[in-house]
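Notes for the one structure printed next.
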Amino acid sequence: MTGPFDEATLRSLVPSVIGVLVRRGADFAAAEDAVQEALVEAVRSWPHDPPRDPKGWLVTVAWRRFLDVVRSESARQRREVATELEPDPGPTQDADDTLQVFFLCAHPALTPASAVALTLRAVAGLTTRQVAEAYLVPEATMAQRISRAKRTVSTASFDRPGDLATVRRVLYLVFNEGYSGDVDLAAEAIRLTRQLATLAGPDGQDPETEGLLALMLLHHARRPARTRADGTLVPLSEQDRSLWDTTLVQEGVDVLQAALARQQRGEYQLQAAIAALHADAPSTGETDWVQVVQWYDELLALTDSPVVRLNRAVAVGEADGARAGLAALADVDPDLPRHRAAAAYLHEKSGDLATAAQLYAEAAALATNLAERTHLTKQAARLNSSAGE
Amino acid sequence: MPKYLILKHYRGTPATVNDVPMDQWAPAEVDAHMQFMDEFGKRLEENGELVDAQALSQEGAFVRANDQGTGPVTDGPFAETKDLIAGWYVVDVDGWDRAVELAGELSLAPGKDGRPIHEWLEVRPFYGAPSATGD
């Protein structure tokens, strides 16, 4: 390894090394534990003593750890199975099982929370403590969740191809929900999706995985503008667009264009297309809302999702005026989260400030996080205090 | 050190002095309140007194088991008159007096017109473990 020690590069090798151990006869759970221990060793020794062949180093150390565990267990059980598990002295196989480890960790038998936890440990190479901190649960709880998840997938075949859609869903969850602790989960989700995009598809390309990558890049680009220093939310229309990361925007647009050119549209590509139109506009007013609505129409035809219907109504409000937006909103399930917030916004735009203030206050009471609650309360406060003047 | 729960309520406590719903404040007053709460939490942490702080949504329901073989029964959303917990701090402090002092500080969070809310906070001691020398 040349250059300074890079932990992300080290961790990107984790699924592939687990794959080698499993091919040599280790069961998945034990292989994963052994690789975690090798990682700890690598973080300690690589900065001052970098190996020439990082993957080979990890395989050697992890396999040694695995054998230590097997030997001590078999000694305890007074059985001699270790002889069957002598190290393979030859070079590691060329076959790369990274993608199989992605599939296993997103196995459909796992709950979403378990799949997320297992993916972050066995694919991303994070420690249990880091995953626990990211999701604000005690480390012991996360350790249990991960070991239960490993038991659940331990009988799954390593050779059967998995479903890329389930992997994408897990990575989307990681991107969307993780925000605390010392690990940047959004950046981690982008790294894994990038890795998946290079592994997926017969020619190494899968348009929906590229679509997901583009979507993440385009949203990540806006992150510096999305919150103020005190943690309060800045809505898209008020964001300082000079803070958007233009390098990420450009990469997102390039990845999206390559994906769309493959003519197999899916929901992530369509969502990314909408995000790209926002990224392209100097302000809310100068956004191509007519085209945004067209993408929403296509997304709605594909997914029939109530959330898409809600977002489309807001876009219609921008493209064709508040009344048209409210008419579109009439078709949307009023129990949806953020329905009242959207209604409040459209009522304000239509000039009905009293109704808007009332709806913002109701929306605040229904908010699912404090930042959103504060933001919506302030919207109501703004309208109420200007009405009193 | 004993632990105490400092409980905030959306409703169900005696009326406060400055009792105006937050959406009737000026936006800058909302900001000032949030900043106060933020600083209060940070100060607890810096003092080494904070164990946990959580805020609860107003949503939810009461749930109990029904007759065998049928699903649980829910009652909710909560009626307007019911006591409704908004959140809590768990603090690990020298004793009751310090817990009351902290709740008193919290009660002075600024509200409408920048004046303190004088909100009622509930302070409850946790049961501790039996002491090693107490028998």
task = Could you check, for the stretch A:244-264, whether at least one of its residues is in contact with a strand residue (DSSP E or B) (Cβ under 7 Å, 6 or more places away or on another chain) and surrounded by fewer than 18 Cβ atoms within 10 Å (Cβ to Cβ)?
result = no
key: Selection status of A:Ala328, closer than 21 Å to B:Val20 by Cβ, buried (at least 20 other Cβ atoms within 10 Å of the Cβ) and either more than 10 Å from every other protein chain (Cβ to nearest Cβ) or touching a Cys at 6+ places or on another chain (Cβ under 6 Å) (or both)   = no
request  = May I ask you to list the residues in the stretch B:1-11 that are modelled with pLDDT under 90 and within 14 Å of chain A (Cβ to nearest Cβ)?
outcome  = B:Arg11
ask   = What do you reckon, is A:Ala371 in a helix (DSSP H, G or I), free of Cβ contacts under 8 Å to residues at least 60 places away in the same chain and either among the aliphatic types (A, V, I, L, M) or more than 12 Å from every other protein chain (Cβ to nearest Cβ) (or both)?
value = no
remark   = Looking across the stretch B:46-60 at residues that are more than 14 Å from chain A (Cβ to nearest Cβ) and in a loop (DSSP other than H, G, I, E, B), the single one that is surrounded by the most Cβ atoms within 10 Å (Cβ to Cβ) is B:Glu49
message = Out of the residues in the stretch A:120-130 meeting the condition of being touching an Asp or Glu at 6+ places or on another chain (Cβ under 9 Å) and assigned to a helix (DSSP H, G or I), tell me which one is nearest to A:Arg169 (Cα to Cα).
response = A:Leu120
remark   = Filtering the stretch B:12-41 down to residues that are more than 8 Å from every other protein chain (Cβ to nearest Cβ), of a type in the set (Asp, Glu) and more than 24 Å from B:Phe78 (Cα to Cα) yields B:Glu39
note = Filtering the stretch A:325-346 down to residues that are over 15 Å from A:Tyr296 (Cα atoms), in a helix (DSSP H, G or I) and not basic (Lys, Arg) yields A:Leu326, A:Ala327, A:His339, A:Ala341, A:Ala342, A:Ala343, A:Ala344, A:Tyr345, A:Leu346
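The values are calculated or read from the model by the stated rules, or taken from the named source; none is laboratory data. Values in this document were obtained by computation on a predicted structure and should not be read as measured data. Every residue, glycine as well, gets a Cβ built from its backbone with ideal geometry; the counts of neighbours run over all protein chains shown.
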